Amino acid sequence: MRVSAGVAAFLLSLTAIPVSFLLNGLSAMDSPMTVFYAGVGVLLGLLLVLYLLVIGRTPTDPLFYAFSVFSFTSVIDLIISLEQDGYIRGFMGFYLKEGEPYLRSAYGILICYWDGTVHYALYLLMITAISLSWSYRCVGLYWLGSILMSLVILLVGTVLVSIHEGKYGTEIRPAFLLNIPYMLIPIWAGKKIYGIPRALPKATADQVATEQGKWLYRRPLDVCFVIYLLFAAAYTVFRGFIALECPFDTCVRYAYDQEPYLLDPVMYPKIQEEASIN
């Protein structure tokens with residue numbers, strides 16, 4: 001029985017579970033270079049298998065392949081987080097030791113959870129949209145901002161920690177280079193996503209002009225958005241002060257009681273909050 005391209009991509013992403021388990025059991029995975037080559041081989045093999053599965057019904061959008069590979073790595077990231085928190089074991093221990101040890105940091109665990117849940121759902125939505133020839137511009141733009149923000153912080157933070165010889169700074173392995181395509185491909189994807197025609201409201205130009213000419217208090221949806229935006233900006237600034245070691249009691253209590261991750265001695269939370277403020 002032949003399955004659709006979208007279903008094939010989804011099923012292929014789930015193969016991350018047995019693949020990670022099998023690799024973890026290989027004694028050869030005790031070398032950083034071996035782990036790097038294994039990562040490259042798995043990704044290339046994944047593309048080949050996906051291509052063979054969708055022959056005859058290949059989606060016209062090349063981002064289908066990128067999102068399919070990214071969905072596989074999202075499952076890998078979820079496995080990493082679950083293993084770090086002790087829910088499972090025997091899957092990605094080799095990679096945390098010889099691949100990307102900095103993922104053991106608080107930021108590393110959280111970014112893996114985010115990629116393994118939110119990004120994974122977004123990939124499946126975009127894969128489905130591509131398979132059905134639907135527009136995925138809004139979903140794609142949200143994903144683009146999210147993944148670029150998280151990866152820039154991860155890469156820049158890791159390099160800065162390495163320069164200052166801080167925590168995890170001396171543990172950069174060749175597998176760090178596997179993150180480079182995840183920076184380049186979203187840039188290419190962003191150009192294509194921006195090129196997708198925007199869905200215009202079913203209203204005339206006069207109706208749009210009349211609505212935009214109203215005072216803000218007469219546009220309840222816009223009022224809610226402005227209130228949310230002000231709250232989000234203030235909250236971001238507050239968290240930025242905490243990451244920069246604000247001495248006020250309120251900041252200290254919040255950090256210890258709610259987000260102790262912000263006090264992690266590595267550079268990730270500081271870079272994230274500074275980038276958010278800017």
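The values are calculated or read from the model by the stated rules, or taken from the named source; none is laboratory data. Values in this document were obtained by computation on a predicted structure and should not be read as measured data. Positions of Cβ are generated from backbone atoms using ideal geometry, with glycine treated the same way; all protein chains shown enter the neighbour counts.
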Output for the stretch 21-34, where each listed residue is loosely packed, with under 14 Cβ neighbours inside 10 Å and farther than 15 Å from residue 176 by Cβ: 22, 25, 26, 27, 28, 30
Filtered residue count, the stretch 90-103, keeping only those that are part of a helix (DSSP H, G or I) and among the aliphatic types (A, V, I, L, M): 2
Residues of the stretch 1-38 classified as among the polar types (S, T, N, Q), under 30 Å from residue 57 (Cβ atoms) and under 25 Å from the mean Cα position of the chain (by Cα), total: 3
Helices (runs of 4 or more DSSP H) (entirely within the stretch 115-230) containing at least 3 residues that are of a type in the set (Gly, Ala, Ser), in the same structural domain as residue 105 (by TED's automatic domain parsing) and modelled with pLDDT of 80 or more: 120-131, 137-164
Residue in the stretch 35-49 that is farthest from residue 129 (Cα to Cα), counting only those that are touching a residue at least 60 places away in the same chain (Cβ under 8 Å) and crowded, with 19+ Cβ neighbours inside 10 Å: 35
Any pair with Cβ under 9 angstrom, 6 or more apart, that starts in the stretch 240-253 at a residue that is part of a helix (DSSP H, G or I) and ends at one that is surrounded by 18 or more Cβ atoms within 10 Å (Cβ to Cβ) and of a type in the set (S, T, N, Q): 240/272; 243/272
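Per-residue answers, yes or no, for (1) outside the structural domain of residue 23 (by TED's automatic domain parsing); (2) surrounded by 23 or more Cβ atoms within 10 Å (Cβ to Cβ); (3) in a helix (DSSP H, G or I); (4) not aliphatic (A, V, I, L, M):
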position: 68; (1), (2), (3), (4): no, yes, yes, yes
position: 74; (1), (2), (3), (4): no, yes, yes, yes
position: 77; (1), (2), (3), (4): no, yes, yes, yes
position: 82; (1), (2), (3), (4): no, no, yes, no
position: 88; (1), (2), (3), (4): no, no, no, no
Matching option when the condition is more than 22 Å from residue 179 (Cα to Cα) and surrounded by fewer than 20 Cβ atoms within 10 Å (Cβ to Cβ), among 52, 110, 63, 141: 52
